[in-house]
Amino acid sequence: VSSRASSFGRRAAEYDCSRPEYSSEAIDLAVARLGLGAASEVLDLGAGTGKLTRALVERFARATAVEPDPSMRAVLSQKTPCPVLAGMAEAIPLADDSVNAVFVADAFHWFDTGPALREIERVLRPRGGLAVLWNNWWQAEDPLLPTRAFDLMEAVYERVRRDSPHTGETDEWRRFFEGPPFEPLHERRVVSVQELDAERLVTLHLTGSTLAMLPPDEFADLERELRRLIVGDYRLAITTDVYWTRLLPRPGPER
Ligand SMILES: C[S@@+](CC[C@H](N)C(=O)[O-])C[C@H]1O[C@@H](n2cnc3c(N)ncnc32)[C@H](O)[C@@H]1O
């Protein structure tokens with residue numbers, strides 16, 4: 001795992017309490033479109049601390065979580081009543097044909113797409129589904145962040161992206177669904193609103209992989225400054241982008 005991909009565990013507890021939940025509407029949409037029911041068995045891949053896993057455990061007969069980072073996994077195991085496995089998308093520790101669907105929330109861009117999709121295909125049952133969710137929480141704050149706070153974070157983003165570029169943060173991954181073994185991707189955007197105070201908003205921003213890359217001293221200075229500058233209550237307009245697809249029927253013998 002590259003260093004940014006493995007940086008989340010440095011702030012696993014903060015990640016779990018500050019990141020917004022995935023909206024039920026978004027999850028239910030994927031569940032319905034993939035034809036899943038209560039008896040379905042699913043995998044949450046790159047499950048982090050279990051933010052989506054917990055919603056899957058409530059809906060399905062069996063939800064398994066796979067996560068490479070030990071600190072994220074520790075929170076996940078503690079808070080989520082389901083099997084939790086160490087593993088990566090490119091080497092999923094599950095048997096062939098073992099789940100009806102794979103869910104990936106805010107993690108697909110960290111995967112090596114080709115090998116990960118081959119693994120997802122392997123663990124899926126015939127006509128199995130894949131749901132990819134993204135929670136975009138940083139785009140619309142009301143009120144807007146103070147300019148000085150915004151500029152401080154932006155300067156770090158620019159520097160880390162330059163020093164540690166991550167090509168996965170583009171739409172490139174969608175290209176892998178232009179042909180078999182998956183049907184073309186479907187997509188839908190679901191909007192929800194979250195109210196939170198400044199303390200949680202700052203903690204939330206500090207859970208991002210980019211800021212987590214800072215040396216501890218610089219991170220502490222940034223945190224102190226953000227907590228001084230950002231005060232009051234905020235409303236976030238969260239957009240959840242939901243993508244779903246299913247395996248195409250396997251070619252059968254010619255009749
Ligand atoms: C932004 S977090 C999302 C976690 C969780 N799915 C959620 O929605 O809260 C990204 C997660 O992907 C995991 N990850 C990074 N590279 C991975 C890989 N190659 N295979 C599986 N998981 C990976 C990280 O350890 C991290 O927990």
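Brief remarks follow.
- At full extension, residue 195 and residue 158 could sit 10.5 nm farther apart than now, given 0.36 nm per residue minus the alpha carbon distance.
- Surface composition of region 178-255: carbon plus sulfur atoms contribute 51% of the solvent-accessible area (1.4 Å probe, protein chains only, all chains present).
- The ellipsoid that matches the Cα gyration tensor of region 1-140 has semi-axes, each √(5λ) in whole angstrom, of 21, 18, 15, with the longest given first.
- At full extension, residue 150 and residue 3 could sit 50.5 nm farther apart than now, given 0.36 nm per residue minus the alpha carbon distance.
- With all protein chains kept in place, the per residue accessible area of region 99-171 amounts to 48 square angstrom at a probe of 1.4 angstrom.
- Cα-centred dipole magnitude for region 1-71, charges only on beta-carbon of K, R (+1) and D, E (-1), debye, nearest 20: 160
- Carbon-plus-sulfur accessible fraction, region 1-105 (probe radius 1.4 Å, protein heavy atoms only): 51%.
- Modelled spin labels at residue 61 and residue 248, positioned 7 Å past Cα toward Cβ, are 2.9 nm from each other.
- Annotation note: chymotrypsin sites (Phe, Trp or Tyr not before Pro) in region 100-155 located in DSSP loop regions with a Cβ neighbour count of at most 16 within 10 Å are 138.
- For the chain, a simple Cβ point-charge model (Lys and Arg +1, Asp and Glu -1, everything else neutral) yields a dipole of about 620 debye relative to the Cα centre.
- Residue-level accessible surface for residue 234, protein heavy atoms, 1.4 Å, Å²: 10
- Just so you know, the Cα atoms of region 142-231 work out to an Rg and Dmax of 17.4, 52 Å.
- Across the chain, the convex hull enclosing all Cα atoms gives 124 Å³ per residue.
- Each label was represented as a point 7 Å from its Cα along the Cα-to-Cβ direction; for residue 142 and residue 86 these points are 4.6 nm apart.
- Put simply, the C-alpha atoms of region 45-114 give a gyration tensor, and the ellipsoid matching it has half-axes of 17, 15, 11 Å, longest first.
- When you work out D = kT/(6 pi eta Rh) for region 107-182 at 37 °C and 0.692 mPa s, using the Kirkwood radius from C-alpha pairs as Rh and the Stokes-Einstein form, the result is 211 µm²/s.
The values are calculated or read from the model by the stated rules, or taken from the named source; none is laboratory data. All figures in this text were calculated on a predicted structure; none of them were measured in a lab. Here Cβ is always computed from backbone atoms with ideal geometry, including for glycine, and neighbour counts include all displayed protein chains. Remember, those area values only see protein heavy atoms, side chains included, never the ligands or the DNA or RNA. Shrake-Rupley method; radii C 1.70, N 1.55, O 1.52, S 1.80 Å.
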